[in-house]
1. Under a point spin-label approximation (7 Å from Cα along Cα-to-Cβ), what is the Lys47-Met212 distance to one decimal in nm?
2. Can you run phi through the Karplus equation (6.51, -1.76, 1.60; θ = phi - 60°) for region 9-15 and list ³J(HN,Hα) in whole Hz, with x for Gly and Pro?
3. Please list the non-local residues whose amide H lies under 5 Å from the amide H of Ile144, H modeled 1.01 Å from N, same-chain partners needing a gap of 5 or more.
4. Rounded to the nearest 0.05, what FRET efficiency do Arg24 and Glu64 have when you use their Cβ-Cβ distance and R0 = 35 Å?
5. Sort the following peptides by mean Cβ neighbour count (other Cβ atoms within 10 Å, averaged over residues), highest first: 94-103, 46-55.
6. Mind listing the long-range amide H neighbours of Asp194? Cut-off is under 5 Å, sequence gap 5 or more, other chains count too, H placed in the peptide plane at 1.01 Å from N.
7. Can you work out ³J(HN,Hα) from phi for every residue in region 83-92, in order, using Karplus 6.51 cos²θ - 1.76 cosθ + 1.60 and θ = phi - 60°, giving whole Hz and x for Gly and Pro?
8. Quick one: if you stick a label point 7 Å off each Cα along the C-beta vector at Asn96 and Met184, how many nm between them?
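Nothing in this text is a laboratory measurement; each read-out follows from the coordinates by a stated rule. Predicted model, so just to flag it, every value in this text is computed and none were measured. Please note: Cβ atoms are built from the backbone with ideal geometry, for glycine as well, and neighbour counts cover all protein chains shown.
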Amino acid sequence: MLVREIIQRIQSLYSKGAQSDDSRLTSRHIYNKLLTVRAKLLSEQSKKKQFVSQGNYQAIPCIELVQATIHDCQCTVPFGCKILKSKHPLPKPLSNYDNHLIQYVTSLDGNTVYSETSWVAKKYKSSNKYTAFRPDWFIRNDNIFVTYKDGPRVITISGLFEDPFEAAKYPSCECTDDNCNDCMSPLDMTFPMDNALIEPMIELSVNELIVMFSQAIEDASNNSRDSTIEQSK
């Protein structure tokens, strides 16, 4: 479903019909709630070792890497290796108990597959002759870092991200204009959520929004005093 379709369904359920022009529930409110509920449902599935279907994942097909400096990553790098980082900050991925919910990190042709490590573990791995040169990645300061001798300068990632819109408009290395994604609207984006989870997500979002707004008092009168009893949607 498109984001605008999901938002309209929530708006209609919240308003119990067609919403009024002065409804306090904005599309931005709804979208932010959708993000938190989506993250909750997908994280719970992962923590329970339940299958997370492909429809929930997003692929960032073309992530450009640049040479990292010692200021970017102060860890020991195996001799002969280069440490690279993403040219642009990565959208925040969802996480599990001990790892990020990243499905894969590979070269564009899929021949090189990177495994997740951590910034702390990397300095110990570098001294292990059996694992020091294996392709791997870690996230630090919102950038993805990879260490691999003669590795590619472009990678592709598939994962579950906190904000699907940020993942969708991630600057591709094929984009020659830094503003080429600025015209994209989140309302016209297909929301990356499995059909089986759409209804629970909408229901939870509506319930949480009703509770949130029912606890907030709106000053409905245009006068010099705050209203304590007049409330509306």
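1. Using points 7 Å along Cα→Cβ, the separation is 2.0 nm.
2. Rounded to whole hertz, the list is 5, 5, 4, 5, 5, 5, 8.
3. Long-range HN contacts for Ile144: Ser86, Leu90.
4. Using R0 = 35 Å, I get an efficiency of 0.25.
5. Taking the mean over residues of other Cβ atoms within 10 Å, the ranking is 94-103, 46-55.
6. Asn56
7. After applying 6.51 cos²θ - 1.76 cosθ + 1.60, I find 9, 10, 9, 5, 5, 10, x, 7, x, 5 Hz.
8. My value for the distance between the label points is 2.7 nm.
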